[in-house]
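*Asks:* Have a look at this one.
The values are calculated or read from the model by the stated rules, or taken from the named source; none is laboratory data. Being a predicted model, the structure only gives us computed values, none of them experimental. Cβ placement follows ideal geometry from the backbone for every residue including glycine, while neighbour counts extend to all protein chains displayed. Side chains are part of the model used for accessible areas, which takes the heavy atoms of the whole protein and leaves out ligands, DNA and RNA. Shrake-Rupley method; radii C 1.70, N 1.55, O 1.52, S 1.80 Å.
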Amino acid sequence: MVGTYAIATGNCVVVKPSPEVPLSHMRLAELVEESGLPPGVWNVVNGDRDAVSALLDSPAVSGITFVGRTSTARDVICKRCGETGKRVIAQGSAKNFMVIMPDCNVEKTIPAMMTSFFGNAGQRCLSGANLLVVGNDDRFYHDFVEKIVAAASNIVIGYGLDESVQMGPVRDKDKKQRILADINNAVAEGAKVLLDGRAKAKIKGDYPETCFLGPTILENIKPNMRICKEEVFGPVMGVMRAADLDEAIEICNASRYGNGNAIFTSSGKSAREFQYRATSGNVGINVGIVAPMAFFPFSGMKDSFFGILHTQGQEAVRFFTESKVVIQRGYSERKAPALKLHTASEVISLARQLETDTAAFYELLGRSAPAGADMLLGFAKENRRNIAQVERAYYSVISDAIEVGFAFDIEEDDYSIRLPENAGLPDSLKTAAGFEDKIERFYSTAATQGQSLLADVPRVFKQIAQKHTLRIEQLRRMAHRSTERLPGWRRLALRLRVPSASPTPSRVG
């Protein structure tokens, strides 16, 4: 899993398998080669401590990831990576608690316990180790434990790739002997054997007993016993009791490991209490194997993990990549190209470029002057366009509108003719005698030309009519009524806030 993150982020990988189980990684390397990955990207080095030391000392290796015993993770891998300046993810041992509340769904919890404690013959870092039953209800306790023992007694043992088999062998004969020693030591410390896996296992198929053990369940386990504190890494369940949830959490948190604890309950309150208070990198709620999906980090705490970033998810991506910050300033002397618009078709074309419709663009052009500059700036930012481009397009269209002499604005049921914002006035009007009379005649002319142009029904007015669910005839009548009610120029200018001079538009700072 870790190797896939490394490859996906552009790294080359050197895998150093355990000398006790090298074959699976050799087969994986063959599959990688068959897939067409370039030579040198995925590499496998077999060996013992000398191979590990070579990787730890090599300046060509930037980071190390490790899964194994806590003593190795802490005292060898993490320590040496610190000395050589390598980044490190070092996952250690575990001792996972499965907390059973009296309100749990027993029917679904029992199968989850079988998978948690005895799946993979207990040889995974998220296997259940201690079954912690909460409450003083002896009847519930004995009934639950009896069902656990009955279910474990029916586990089929044999060849691991046989689909009818539920539990395979342990790693090798030496591992079997160490597990037997842990069981014997627990019995010597006062544990009671409820199911003895040390007896001759009932193996499906003709296989020697060399590496096979049956499920073992030990009762009367106390927090100070070695079987409760240290990882067995085998098919052994230690059964404990706690008076209430507070005591159960205290027992879990007293462990020096913090890999994957879980609670089985129907109470939301108990689940929340446990998930917040349990000192464990992975927390399960009615889940026996607390393994997160690959897009979440595989967390760990206390003596179960050494490092900063965890495997999987965004943390793994950060581990296998270098981050950089780029701070820049530009000094370009180039000016944005001018956009000259002289026809309605060019306006429509620009509107399409800005990913809006023509009606919306005309509406923008017709906003009141005080807000006009900010409107343009916002429009430019929203559409990721240079403000100068939008300004040039705006004033080009305004020039065309001045030549025509009108613009339309819909306010509820009033369809009035007005001068567009920032339009200014024709030079001939500014210099002519009788300035006020000329202004009023200018608006009257605009109204007349507006009615004439409406008869042509340009595309933009069709869109406005459709947008406001109006027929074109309604649009004409509204415009006609508006021209008949045109007030004097001073009142009209006040209402429309037509500026005496064009304001300077805001620019991107």
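*Asks:* Please go through the stretch 183-193 and pick out each residue that is open to solvent by 30 Å² or more (accessible area, probe 1.4 Å) and on the phi < 0 side of the Ramachandran plot.
*Replies:* Result: ASN184, ASN185, VAL187, ALA188, GLU189, LYS192, VAL193.
*Asks:* In addition: Among the residues of the stretch 187-220 satisfying the criterion of being in contact with a Lys or Arg (Cβ under 9 Å, 6 or more places away or on another chain) and aliphatic (A, V, I, L, M), which is farthest from LYS175 (Cα to Cα)? Break it down into steps so the answer makes sense when it comes.
*Replies:* Here is the first cut: in the stretch 187-220, the ones in contact with a Lys or Arg (Cβ under 9 Å, 6 or more places away or on another chain) are 189-191, 209-214, 216, 218-220.
Subset that is aliphatic (A, V, I, L, M): 191, 213, 218.
On the way: ALA191: 21, LEU213: 10, LEU218: 19 Å.
Across the stretch 187-220, the extreme among qualifying residues is ALA191.
*Asks:* Also, quick follow-up: Collect the residues in the stretch 255-293 that are crowded, with 20+ Cβ neighbours inside 10 Å and not in a loop (DSSP other than H, G, I, E, B), keeping them in residue-number order.
*Replies:* Passing the criteria: TYR257, GLY258, GLY260, ASN261, ALA262, ILE263, PHE264, SER270, PHE274, ASN282, VAL283, GLY284.
*Asks:* Against the definition (at pLDDT below 90, exposed (fewer than 11 other Cβ atoms within 10 Å of the Cβ) and not polar (S, T, N, Q)), how does GLU20 come out, yes or no? It would help to see each step written out before you state the result.
*Replies:* Working: at pLDDT below 90: yes; exposed (fewer than 11 other Cβ atoms within 10 Å of the Cβ): yes; not polar (S, T, N, Q): yes.
Yes.
*Asks:* For the stretch 33-69, how many residues meet the condition of being open to solvent by less than 50 Å² (accessible area, probe 1.4 Å) and in a helix (DSSP H, G or I)?
*Replies:* Matching residues across the stretch 33-69 total 5.
*Asks:* Can you name the number of the only condition in (1) surrounded by fewer than 18 Cβ atoms within 10 Å (Cβ to Cβ); (2) part of a helix (DSSP H, G or I) that GLY119 fails?
*Replies:* Against the list (1) surrounded by fewer than 18 Cβ atoms within 10 Å (Cβ to Cβ); (2) part of a helix (DSSP H, G or I), GLY119 comes up short only on (1).
*Asks:* Right, MET113: hydrophobic (A, V, I, L, M, F, W, C), closer than 19 Å to GLY284 by Cα and either assigned to a helix (DSSP H, G or I) or touching a Pro at 6+ places or on another chain (Cβ under 8 Å) (or both) or not?
*Replies:* For MET113, the condition - hydrophobic (A, V, I, L, M, F, W, C), closer than 19 Å to GLY284 by Cα and either assigned to a helix (DSSP H, G or I) or touching a Pro at 6+ places or on another chain (Cβ under 8 Å) (or both) - is met.
*Asks:* Still on this structure: Tally time: how many residues in the stretch 194-238 are open to solvent by 50 Å² or more (accessible area, probe 1.4 Å), part of a strand (DSSP E or B) and among the aliphatic types (A, V, I, L, M)?
*Replies:* 1
*Asks:* Step by step: first the residues of the stretch 154-182, then only those that are of a type in the set (S, T, N, Q) and open to solvent by 70 Å² or more (accessible area, probe 1.4 Å), then the one that is farthest from ASP103 (Cα to Cα). Which residue is that?
*Replies:* Applying the filter and picking the extreme gives GLN177.
*Asks:* So, ILE89, is that one in a helix (DSSP H, G or I) and in contact (Cβ under 8 Å) with a residue 60 or more places away in the chain or not?
*Replies:* For ILE89, the condition - in a helix (DSSP H, G or I) and in contact (Cβ under 8 Å) with a residue 60 or more places away in the chain - is not met.
*Asks:* Suppose we keep only residues that are touching a strand residue (DSSP E or B) at 6+ places or on another chain (Cβ under 8 Å) and assigned to a helix (DSSP H, G or I) within the stretch 1-27. Which one would you say is nearest to GLN314 (Cα to Cα)?
*Replies:* TYR5
*Asks:* Would you confirm whether or not the stretch 294-308 contains a residue that is buried (at least 20 other Cβ atoms within 10 Å of the Cβ), at pLDDT 95 or above, in contact with an Asp or Glu (Cβ under 9 Å, 6 or more places away or on another chain) and not in a helix (DSSP H, G or I)?
*Replies:* No - not one qualifying residue is present in the stretch 294-308.
*Asks:* Also, I was wondering about something else. Under 8 Å between Cβ atoms, at least 6 apart or on separate chains: pull out the pairs that start in the stretch 149-169 with a residue that is in a helix (DSSP H, G or I) and modelled with pLDDT of 95 or more and end on any residue that is exposed (fewer than 12 other Cβ atoms within 10 Å of the Cβ) and not charged (D, E, K, R).
*Replies:* ALA151/PRO111
*Asks:* Could you tell me whether THR72 is within 29 Å of the chain's Cα centre (by Cα), closer than 29 Å to GLY284 by Cβ, open to solvent by 10 Å² or more (accessible area, probe 1.4 Å) and at pLDDT 95 or above?
*Replies:* Here the answer is no, as THR72 does not meet what is asked.
*Asks:* Now, a different point. Going by what's in this entry, would ALA6 be described as touching a residue at least 60 places away in the same chain (Cβ under 8 Å) and among the hydrophobic types (A, V, I, L, M, F, W, C)?
*Replies:* Yes, satisfied.
*Asks:* Something else: Return the total of residues in the stretch 315-324 being closer than 19 Å to VAL13 by Cα, of a type outside the set (A, V, I, L, M, F, W, C) and surrounded by fewer than 18 Cβ atoms within 10 Å (Cβ to Cβ).
*Replies:* 3
*Asks:* Only residues that are under 25 Å from VAL2 (Cα atoms) and of a type in the set (D, E, K, R): list them for the stretch 91-148, please.
*Replies:* Within the stretch 91-148, LYS95, ARG124 qualify.
*Asks:* Just to check your reading of the model, which residue among PHE212, PHE264 is more than 18 Å from VAL133 (Cβ to Cβ), among the hydrophobic types (A, V, I, L, M, F, W, C) and at pLDDT 95 or above?
*Replies:* It is PHE212.
*Asks:* Next question. Which of (1) within 42 Å of the chain's Cα centre (by Cα); (2) at pLDDT 95 or above; (3) not in a strand (DSSP E or B) does GLY190 not meet, given it meets every other one?
*Replies:* Going through (1) within 42 Å of the chain's Cα centre (by Cα); (2) at pLDDT 95 or above; (3) not in a strand (DSSP E or B) one by one, GLY190 breaks only (1).
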